[in-house]
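Engineer: Here it is: the structure, laid out below.
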Amino acid sequence: MSTNQETESIYLDDIPLPDALERFRQALSAAGLDGPLESETVPLELALGRVTAEAVWAKHSSPHYHAAAMDGYALRAVDTDGASDREPVDLSVKSRAKYVDTGDAMPSWADAVIPIELVEPIPPTSDLRNCETIRIRSAVSPWSHVRLMGEDMVATELVLPAEHVLKPIDLGAVAACGHDCVCVWRQPRVAILPTGSELVPTGTPVKAGEIIEFNSLVLAGQVQSWGGEPTRFPIIADDRKKLKKSIARASKDHDLVLVIAGSSAGSEDFTASAIGDLGQVLVHGIAVRPGHPVILGILKHAASKKVKDRSVPVIGIPGYPVSAALTGEIFVEPLLANWTGRSPTDRPTLEATITRKVHSSMGDDEYLRVTVGRVGERIIAAPLTRGAGVVTSLVRADGIVIIPAGVQGLQAGENVHVQLYRTLDEIERTILVLGSHDLCIDLLAQFIAFKGARISSANLGSLGGLIALHREEAHLAGSHLLDPESGEYNLTYIEKYLPEIETVVLGFVYRQQGLILERDNPLGIQSLDDLARKDVNFINRQRGSGTRILLDYHLESQGISAAMIHGYDQEAITHLAVAASVASGRANCGLGIHAAAAALELDFIPLFQERYDLIIPKEHFQDPKLQPLLELLHDPAFRQAVKDLPGYDTAPMGKRFA
């Protein structure tokens, strides 16, 4: 049988997520893997975050003696009866009082401590610790300023129950009652096997067709944060025998095997067939986006003299980074939680308003990444780029919105439930910036982090930003919309799209727009006129972006129609995306900012200087939440960082144009 036929023979159609989870749960239960793994005893210094497998009982009392709670003199309370300013009581230190420091054991005959500041030495001396007689002017009650034996805990008392996640203070309590180690559930050992002939290790210079392997790094971090012990295996080439051998080897001394394989029904997908040879494929394909080609299986190990009869779960992880990370959250985290005796992570959730329409496949559960912030009285969720390979969308994501199977999508303004990756406090401190893409917004986010605030942004284009302000979905918008008739920036558009909203228009930067070209400009492109040449392939910005409007204005003034430009309808949503299109050979040129060309070491021909403004509704301009941002516009270090970027001028920064 051919490799392709073997793969297809065990390939299962996508099944709903609940069905996949139930099938996996039943297999784990049948294998006796539906609860915590065996227990182990570990030193206290290694127990933080672990879960107790047994209750912890006090070995001895704490404190295990009556202890002085203050610096002073131990004495009998009855000896101070009647003491007052008029009739003080004098006690001999040799026979009726003894000096003690905080924590000292109380003399067997004493039942109280009088603080040293309430004692007068007789005869007067500055050395209150070594006087012969002390004078007392107020009585003390029995056991005053004394920590009684067992005040904290008494021998045999329950200190911590089983199934308790150990916090730093718990370790102190266990130590205080006489233990130096604790019995906890063993941490699962997880093998992570990256596969693919196209993969190269991190730090390796890459060539076309090569991909840096970082999924195993992400999964290892996830496993460690969820209480497991990850082992990253070397990259395995696309070879069925090698993969099968590696899976078998990893399963011998690990509790879970994760195979990162980019599983599919394609000719180079060997994961399903390898698992099928070594055990059983339970699921191959789950109706989840991103993350379709997930494999769930069980490997079998027959008993031998050295190894007990055991089953080892194996999960085939999709190769796209977003799919890989989400597969970890959906399948690996609950499994490790169960094995380590804790509850699965329960993320905080909140209700938010989605900013734009989102289409979704009716047959799949979709995990939509969003940025989140409070704007006025509403929590706003702005969708991020949805590609399974866009790992930065997970970096920038504040939360996940699950669109269930059977729902075609979401409407703009619809209320959704967001599972948060960040704390509620972080969400409250978030400044939402929607609108035109600019590298200085990213720089602003970097600087503002040191002021205790954070910026979350999404690129909608200049018009999209103004519409977001009209819908009250952002605190401010970046915009560089040129009015062809007046030559003014933004003001005409604000009057049109925000007629009922009082706004403040703050200058941000002047920046150079021009042609981003292939290195060394092999086609000799010099101006917009060259865009009409048949040998030039152009990459455009999206409709509604200020750059697109700027281009159309100048094309019209020069008599160049869109139909004359090959690639006019090809769109990119950021300046860096334009530069990437040129660097990759998708296009010969595009209109964008100088800094984007410099970032990818491309050629650049400056054509126009434009003003990029920050449009802020007045109610947000006066909100203390925005003060860190407004202060940065006058910060010399921030201004210098902007000036250091190619093609930028900070002359308008902080100036009010309306």
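The values are calculated or read from the model by the stated rules, or taken from the named source; none is laboratory data. The structure displayed is predicted, hence computed values, not measured ones. Ideal geometry is used to build each Cβ from the backbone, glycine not excepted, and the neighbour counts take in all protein chains shown.
Engineer: Quickly run through the stretch 592-615 and pick out the residues that are surrounded by 23 or more Cβ atoms within 10 Å (Cβ to Cβ), modelled with pLDDT of 95 or more and β-branched (Val, Ile, Thr).
Structural biologist: ILE615 - this is the single residue of the stretch 592-615 that is surrounded by 23 or more Cβ atoms within 10 Å (Cβ to Cβ), modelled with pLDDT of 95 or more and β-branched (Val, Ile, Thr).
Engineer: Output yes when any residue across the stretch 531-545 is closer than 30 Å to LEU626 by Cα and buried (at least 19 other Cβ atoms within 10 Å of the Cβ), and no when none is.
Structural biologist: Looking through the stretch 531-545, at least one residue is closer than 30 Å to LEU626 by Cα and buried (at least 19 other Cβ atoms within 10 Å of the Cβ).
Engineer: In addition: Select from the stretch 603-658 the residues that are within 30 Å of LEU523 (Cβ to Cβ), in contact with a Gly (Cβ under 6 Å, 6 or more places away or on another chain) and among the hydrophobic types (A, V, I, L, M, F, W, C) and list them in ascending order.
Structural biologist: PHE604, ILE605, LEU607
Engineer: Restricting to the stretch 221-250, and then to whatever is in a loop (DSSP other than H, G, I, E, B) and either of a type in the set (A, V, I, L, M) or assigned by TED's automatic domain parsing to the domain that holds VAL395 (or both), can you tell me which residue is farthest from the chain's Cα centre (by Cα)?
Structural biologist: ALA237
Listed here are the residues, each with its yes/no results for (1) in contact with a Cys (Cβ under 9 Å, 6 or more places away or on another chain); (2) assigned by TED's automatic domain parsing to the domain that holds ARG543; (3) of a type in the set (Phe, Trp, Tyr); (4) under 24 Å from GLN411 (Cα atoms).
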{"site": "LEU466", "(1), (2), (3), (4)": "no, no, no, yes"}
{"site": "LEU469", "(1), (2), (3), (4)": "no, no, no, yes"}
{"site": "ALA474", "(1), (2), (3), (4)": "no, no, no, yes"}
{"site": "LEU491", "(1), (2), (3), (4)": "no, yes, no, no"}
{"site": "LEU498", "(1), (2), (3), (4)": "no, yes, no, yes"}
{"site": "GLU502", "(1), (2), (3), (4)": "no, yes, no, no"}
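Engineer: While we're on this one: Only one residue in ARG454, ARG422 is basic (Lys, Arg) and over 21 Å from GLU619 (Cα atoms). Which one?
Structural biologist: The conditions single out ARG422.
Engineer: In the stretch 632-649, is there at least one residue being touching a residue at least 40 places away in the same chain (Cβ under 8 Å) and at positive phi?
Structural biologist: For the stretch 632-649, residues touching a residue at least 40 places away in the same chain (Cβ under 8 Å) and at positive phi: present.
Engineer: What are the residues in the stretch 582-591 that are modelled with pLDDT of 95 or more and either in a strand (DSSP E or B) or polar (S, T, N, Q) (or both), if any?
Structural biologist: Listed by number, the residues that qualify are ASN588, CYS589, GLY590, LEU591.
Engineer: If a residue has to be out of contact with any Ser or Thr (no Cβ under 7 Å at 6 or more places or on another chain) and assigned to a helix (DSSP H, G or I) to count, how many in the stretch 534-558 make the cut?
Structural biologist: 11
For every residue, the table says whether it meets (1) more than 22 Å from ILE573 (Cβ to Cβ); (2) part of a loop (DSSP other than H, G, I, E, B).
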residue	(1), (2)
SER456	no, no
GLY464	no, no
PRO484	yes, yes
GLY487	yes, yes
LYS496	yes, no
GLU500	yes, yes
GLY507	yes, no
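Engineer: Return the pairs, sorted by first residue and then second, in which the second residue is surrounded by fewer than 16 Cβ atoms within 10 Å (Cβ to Cβ), the first residue lies in the stretch 411-430 and is among the aromatic types (Phe, Trp, Tyr), the beta carbons are less than 8 Å apart, and the residues are 6+ apart or on different chains.
Structural biologist: TYR421/ARG347
Engineer: Specify the residue that is modelled with the lowest pLDDT; the eligible residues are those in the stretch 333-347 that are crowded, with 19+ Cβ neighbours inside 10 Å and not in a helix (DSSP H, G or I).
Structural biologist: Here the answer is ARG342.
Engineer: Could you please find all residues in the stretch 23-47 being at pLDDT below 95, surrounded by fewer than 14 Cβ atoms within 10 Å (Cβ to Cβ) and either touching an Asp or Glu at 6+ places or on another chain (Cβ under 6 Å) or of a type in the set (Asp, Glu) (or both)?
Structural biologist: Residue satisfying the conditions is GLU38 alone.
Engineer: Take the stretch 559-577 and flag every residue that is over 18 Å from LEU384 (Cα atoms), in contact with a helix residue (DSSP H, G or I) (Cβ under 9 Å, 6 or more places away or on another chain) and not in a loop (DSSP other than H, G, I, E, B).
Structural biologist: ALA562, MET564 - these are the residues of the stretch 559-577 that are over 18 Å from LEU384 (Cα atoms), in contact with a helix residue (DSSP H, G or I) (Cβ under 9 Å, 6 or more places away or on another chain) and not in a loop (DSSP other than H, G, I, E, B).
Engineer: Go through the stretch 585-623 and count every residue that is farther than 22 Å from ASN459 by Cα and among the polar types (S, T, N, Q).
Structural biologist: 2
Engineer: Then there is this: Which condition number does ARG137 fail, the rest of (1) touching a residue at least 40 places away in the same chain (Cβ under 8 Å); (2) under 56 Å from the mean Cα position of the chain (by Cα) being met?
Structural biologist: (2)
Engineer: Please return the ranges of strands (runs of 3 or more DSSP E) entirely within the stretch 116-209 where 1 or more residues are in contact with a Gly (Cβ under 8 Å, 6 or more places away or on another chain) and on the phi < 0 side of the Ramachandran plot.
Structural biologist: Strands (runs of 3 or more DSSP E) meeting the threshold: 119-122, 181-185, 189-194.
Engineer: Across the stretch 348-377, which residue is farthest from VAL401 (Cα to Cα) among those that are surrounded by 13 or more Cβ atoms within 10 Å (Cβ to Cβ) and of a type in the set (D, E, K, R)?
Structural biologist: ARG374
Engineer: Give me the pairs, please: first residue somewhere in the stretch 601-629 and assigned by TED's automatic domain parsing to the domain that holds THR503 and more than 30 Å from GLY585 (Cβ to Cβ), second residue anywhere and surrounded by fewer than 20 Cβ atoms within 10 Å (Cβ to Cβ) and acidic (Asp, Glu), beta-carbon distance under 6 Å, and either six or more positions apart or on two chains.
Structural biologist: Partner pairs satisfying both residue conditions: LYS618/GLU502.
Engineer: Against the definition (surrounded by fewer than 15 Cβ atoms within 10 Å (Cβ to Cβ) and of a type in the set (Gly, Ala, Ser)), how does SER126 come out, yes or no?
Structural biologist: Yes.
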